[in-house]
Each structure stands twice: as structure tokens, then as C-alpha cells.
Amino acid sequence: MTSSWIKTLARHSSPQIQLFCLPHAGGNAALYRGWREILPPEIELNLICYPGRLDRLQQRMPTLMSELVRELADAIAPILNKNWAILGHSMGAVVAHETVLELQRRGRASPILLAVSAREAPQFHKPGILHQQDDDALCNELLRLKGTDPVLLAMPEIRELILPTMRGDYAMIEQWQLSSSQPLECPIAAFVGNEDPELSVQHAQGWSSWTSTGFTLDRFDGGHFYFSDNPQPLIERLRERLYQYQTVS
């Protein structure tokens with residue numbers, strides 16, 4: 001079954017683990033470019049492709065988190081195997097968490113791991129108003145997080161292309177409310193950059209209260225996009241966590 005939501009980069013005819021990766025607000029699947037060459041071949045890499053960007057540029061991005069999660073769960077559910085995991089970066093961590101909750105409500109098997117990168121635990125989420133501010137404010141936020149080349153943001157045609165997507169994603173995450181306070185039936189691994197201006201270790205540690213089966217916290221050099229230039233340290237630690245919780249046939 002094919003889906004516009006999922007781009008599968010596989011190296012193994014019978015992968016041991018399915019890994020689904022979700023990008024940040026305003027981001028796209030290119031965040032995980034190069035991961036296939038580093039991951040072991042038995043881990044199937046599935047990139048989640050949000051509407052409104054790249055190959056889906058002309059498709060509407062849902063405005064509500066609940067709508068996005070339902071559509072994503074519809075795409076993922078039919079292809080899940082026994083050993084699947086999901087990783088989300090920043091806003092993607094919230095989408096990943098909510099998707100696991102949605103699949104849990106549907107009676108689907110839990111993942112072997114929920115991995116949350118650069119995101120505070122739900123109890124520390126605060127609504128925001130950045131999506132209501134002007135383009136300069138959005139650009140300043142992108143520059144603060146060091147996730148976008150300043151040269152690109154100085155080009156009006158690039159700003160016109162990326163800022164509407166960024167604004168829509170920020171509106172979604174800033175107005176999001178958690179759908180359930182139920183703990184997950186899977187372990188959670190939190191990954192943080194030591195110099196992330198958005199996240200404290202305490203707020204990342206808070207994810208430990210959202211699982212009944214295990215929690216780990218790993219820290220890396222760098223800021224909010226600590227793995228963008230060199231993803232290998234994160235991938236190696238993620239691989240360790242996946243194998244730690246993998247179900248043996």
C-alpha cells in the first residue's frame with residue numbers, strides 16, 4: 001500500500017524494525033536526509049511527509065492537531081508490523097505522541113518506542129501567539145532557533161514560500177491541547193541539545209511521567225537542531241534504544 005504521507009527508504013526485504021520520523025514546525029522530510037546511509041539496513045526508515053510542502057505543496061495542511069493526527073494514523077495503521085517506533089522532532093514530537101495515543105485508542109499495538117526530540121513534556125506546554133505576529137517576528141524566531149539559513153530568509157521569494165507553512169504549523173502547535181492524559185504503553189526516549197534555547201533538561205525529563213514502561217534521556221552538543229549537521233550521534237543512540245526494546249520473534 002502506498003501513501004502520500006509516507007516515503008519509505010528500505011534496504012532490507014524483511015526489516016526488523018519500522019521507524020517513522022516526523023519533522024518540526026515548518027519543516028519537511030528533508031530533515032532526515034542522509035539517515036538511510038547511517039541506519040542499519042534492518043531498520044526501515046519511513047519519512048512522514050506533511051501536506052503543504054515538497055511533493056505535497058498543493059495539498060492542504062490540516063489546521064487542527066486532531067485532524068492531522070487522524071489522517072496520519074489512517075496512513076500508518078495499515079502498514080504497521082510488530083516492531084515499530086516513531087520519532088518526532090520539536091512539533092513533530094507532539095504529533096508523534098498524539099499519533100501513538102490515537103492508535104492506542106483504536107486498539108492497535110503500541111510501538112516499541114516513542115522518541116521525542118527537542119520538545120518539552122506536555123505538562124509544560126504553553127499556548128503562544130507567534131502565529132499571529134508579522135513575518136519579521138516569524139523570521140526572528142527561525143533565526144533564534146538556528147534552523148534556517150539567514151541568507152534564505154533575506155530573500156523575499158523564499159520568505160513568501162516558507163512563512164505561510166511556518167505560520168500554519170505554529171498556529172496548530174500553539175493552540176494544541178493534549179487529547180488524553182493516559183500514560184503510554186510503550187517506553188519513551190527523550191533527546192535534547194545542551195544549548196537548546198527552547199528546552200530545559202527538567203522539561204524534557206517530564207516525559208518520564210507519560211509512560212508506564214520505561215524512560216531514558218540523552219543529551220547532545222548543540223542547540224534546537226543539534227543533529228542537523230551531524231546526525232550520527234543521535235542515530236547511534238536511537239539505534240541502541242530501538243534494540244533495547246525490540247520484541248524478539
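The values are calculated or read from the model by the stated rules, or taken from the named source; none is laboratory data. This is a predicted model, so every value here is computed, not measured. Here the Cβ is made from the backbone with ideal geometry for all residues, glycine too, and neighbour counts use every protein chain on show. The protein model used for the area step is the full one, side chains on, heavy atoms only, and it has no ligands, DNA or RNA in it. Shrake-Rupley method; radii C 1.70, N 1.55, O 1.52, S 1.80 Å.
Annotations
- Residue match in the range 120-137 (condition: open to solvent by 20 Å² or more (accessible area, probe 1.4 Å), farther than 25 Å from HIS97 by Cα and in a loop (DSSP other than H, G, I, E, B)): yes
- Residue check, ALA77 touching a helix residue (DSSP H, G or I) at 6+ places or on another chain (Cβ under 7 Å) and either among the hydroxyl-bearing types (Ser, Thr, Tyr) or in contact (Cβ under 8 Å) with a residue 60 or more places away in the chain (or both): no
- Any hit, the range 43-65, residues being at pLDDT below 95, of a type outside the set (A, V, I, L, M, F, W, C), over 18 Å from the mean Cα position of the chain (by Cα) and surrounded by 18 or more Cβ atoms within 10 Å (Cβ to Cβ): no
- Given (1) in contact (Cβ under 8 Å) with a residue 40 or more places away in the chain; (2) touching a Phe, Trp or Tyr at 6+ places or on another chain (Cβ under 8 Å), number of the condition GLY223 does not satisfy: (2)
- GLY206 under 17 Å from the mean Cα position of the chain (by Cα) and part of a helix (DSSP H, G or I): no
- Take the conditions (1) modelled with pLDDT of 95 or more; (2) open to solvent by 10 Å² or more (accessible area, probe 1.4 Å); (3) touching a helix residue (DSSP H, G or I) at 6+ places or on another chain (Cβ under 6 Å); SER180 misses just one of them, which is (1).
- Test result for LYS82, under 30 Å from GLY214 (Cα atoms) and either in a helix (DSSP H, G or I) or at pLDDT below 85 (or both): yes
- Residue among GLU236, GLU198, GLU240 that alone is of a type in the set (Asp, Glu), at pLDDT below 90 and open to solvent by 60 Å² or more (accessible area, probe 1.4 Å): GLU198
- Filter pass, LEU114 being free of Cβ contacts under 8 Å to residues at least 40 places away in the same chain and either closer than 25 Å to GLN18 by Cα or assigned to a helix (DSSP H, G or I) (or both): no
- For the range 20-68, a tally of residues being assigned to a helix (DSSP H, G or I) and either of a type in the set (S, T, N, Q) or farther than 25 Å from ILE235 by Cα (or both) returns 6.
- Looking only at residues in the range 1-37 that are surrounded by 14 or more Cβ atoms within 10 Å (Cβ to Cβ) and of a type in the set (Val, Ile, Thr), the one that is nearest to ALA85 (Cα to Cα) is ILE17.
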